[in-house]
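Rule-based calculations on the coordinates, nothing more; no lab input. As the structure is a computational prediction, the values presented were derived from the model and not from experiment. FYI the Cβ positions are ideal-geometry reconstructions off the backbone, even for glycines, and counts take in every protein chain you see.
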Amino acid sequence: MKTFIEKTKNTATLSSIITLLNWDQETMMPEGAASIRSSQIALLSSLVHEQKTSKDYRNALKKLIDIDSGTILANNLNDIEKKALILFRKDYIENTKLPSSFIQEFAKTTSEVTNIWIKAKQDNDFASFAPHLEKIIALSQKKADILGYENSPYDALVDGYEPDMTAAKLTKIFSPLEKGLQSLVKELQQKASPRDAFLYSNYPHDKQLLFGNQILDKLNIDRKKSRLDESVHPFSVGIHPTDVRYTTKISPNFPMSSILSILHEAGHSLYELGLPSKYYGTPICEAASLGIHESQSRFWETRIGKSYPFWQHFYPLMQDVFPKNLESVSLDTFYKGINAVKTTLIRVDSDEVTYCLHILLRFEIEKALIEGTLSVYDIPKVWNETMQKFLGITPKTDAEGCLQDVHFSCGLIGYFPTYALGNLYASHFFSAFEIAHPNWEQNVAKGEFEFIKKWLLENIHCHGKYYSSEELAKKVTGKPISEKAYLNYLTNKFDRIYLH
Ligand code: CO
């Protein structure tokens, strides 16, 4: 096993260089380097693929685990090593199923269609995009067929982001979520929305960055192993548990966007920093799933960062940094303002209550496209009708409707549900966290955060991919994931905020 892991460590290191190049491309790279950068990434990607699918690799792996049956052949392995082999085998089977000609065709088509999408969105021209989206759907269906599935072709695609998740399981979780959220939205829409105009004035760029860093210092995120930069879209990547990069985007007229994105990306980064580096080079040192990853970011962004005690601590500091904007705004007004529920057409601008409805809309559409029950040409109609049903608003243009996200053109079908799952997992985990730390609100109000980081590290991060997301959810709370914890949290929180 040792010699095998020496090899896989090399492959992981090579992959980590691709991650670093991608980070550089989004943050530091001069524009003129775009072409050489794609060649660099393409070369390294093909080397990684070659290493993971070579005869040598297969021979080394099959000495440890029978590739056909999954029977473990190596002796004296502990449970973690056994699990690593099971995951190595799953990866190997998946990596060798898709022929490299298909991978190339998929990459070429999605990159072309992404450019067509950019223009179609600019011109609000869905008709010019539709035939190209049809190609992406056909390729995705082909991908699902090659990967294999039992019930829905969607299962094969979602598994790539959320292992073991299926369309049927998602429908079971999302249906009651949809009903609960719809009735909560209707209820809140009848009440007066909190005042929040003070959040939309000029907050100088440098001061926003200064305040964001004050928060990070207080959270005591390890600056020797991570760094914050700026980029067009906020993101975070783990190069290694000792090297994590994350970014924010400063919007001069809306500071909460950058503050909350710093907390969101810091949540992702803490997960990457907490992965078990002892198992670097094996799947154990990876995130359990994208949904679990998103739960860590939403835990910090919403459950902590949009909570009252968090601002009991930070609001006086924020008033010091932005006296002109906030000196006459009370803590209560500020807290209610940052939590105002706004029905917007745009997913990335939406609030905690409406966010998942934007995802459920996309899930229904992409599932129907892949299962062949919806034609690409009918997307705008279904999109607009569902928006009306969910939020009571209809997009005037497709640019602010079905053309708003890049995901379909990139071929990322099956990705959207992980955003909603992230919210559900965050609340699911929070219910166990609250039991372990019944005084969390008093501690957070005092500016203490170490106990939260420790709880997340010990209960979630340190396990890496040893447990699947389903197993992890059960291990942490004793129960499988459902919509309940999330809906209870939202109802209690917003009943209080919208009391008057
Ligand atoms: Co995220």
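Observations
- Exposure proxy ranking, count of Cβ atoms within 10 Å, fewest first, for Asp243, Asp229: Asp229, Asp243
- The chain: relative contact order as a whole-number percent, Cα under 8 Å and 6+ apart: 20
- Global geometry of the stretch 149-261, whether rounded, prolate or oblate, following the gyration tensor of its Cα atoms and the 1.5 cut on a/c: oblate
- Against the chain, whose longest principal axis is taken from its Cα atoms, helix 355-371 shows a tilt of about 30°.
- Lysine pair number, Cα distance threshold 28 Å (strictly under), the stretch 151-221, separation 8 or more or different chains: 5
- Counting beta carbons within 10 Å around each of Leu263, Leu73, Leu61 and listing the fewest first gives the order Leu73, Leu61, Leu263.
- Local net charge near Leu374, Cβ-Cβ under 15 Å (Lys/Arg +1, Asp/Glu -1): -3
- Rounded tilt (10° steps) of 450-459 against the dominant C-alpha axis of the chain: 30
- Ranked packing of 451-461, 106-116, most packed first, by mean Cβ within 10 Å: 451-461, 106-116
- In order through the stretch 96-112: 3J(HN,Hα) via Karplus (6.51 cos²θ - 1.76 cosθ + 1.60), integer Hz, x for Gly, Pro: 8, 5, 7, x, 5, 5, 5, 4, 5, 4, 4, 5, 5, 5, 5, 5, 5
- Cα gyration tensor shape of the stretch 1-156, rounded if a/c is under 1.5, else prolate or oblate by comparing a/b with b/c: oblate
- Average Cα contact separation per residue, the stretch 281-381, under 8 Å, 6 or more apart, as relative contact order %: 14
- Local electrostatic count, Thr491, Cβ distance below 12 Å [Lys/Arg +1, Asp/Glu -1]: -1
- Only beta bridges with both residues in the chain are counted; by DSSP, about 50 percent of them are antiparallel.
- With Cα atoms, 0 to 90° folded angle of helix 255-274 axis to the chain main axis: 40
- For the chain, the mean residue ellipticity at 222 nm estimated from helices alone is -20000 deg cm²/dmol, where every DSSP H run of n ≥ 4 contributes -39500 (n - 2.57) and the total is divided by all residues, rounded to the nearest 500.
- Considered as an equivalent ellipsoid built on the Cα gyration tensor, the stretch 306-463 has semi-axes of 37, 23, 12 Å, the largest given first.
- Selection among Leu290, Leu331, Val232 by position relative to the dipole of the stretch 201-352 gives Leu290 as farthest towards the positive end (Cβ unit charges, Cα centre).
- Exposure proxy ranking, count of Cβ atoms within 10 Å, fewest first, for Arg223, Arg37, Arg303: Arg223, Arg37, Arg303
- The mean sequence separation of alpha-carbon pairs under 8 Å and at least six residues apart, normalised by the residue count of the stretch 1-159, gives a relative contact order of 15 percent.
- Most tightly packed first, judged by the mean number of other beta-carbon atoms within 10 Å of their residues, the peptides 281-289, 335-343, 412-420 read 412-420, 281-289, 335-343.
- Summing +1 for each Lys or Arg and -1 for each Asp or Glu among the other residues whose beta-carbon sits under 11 angstrom from that of Thr397 gives -2.
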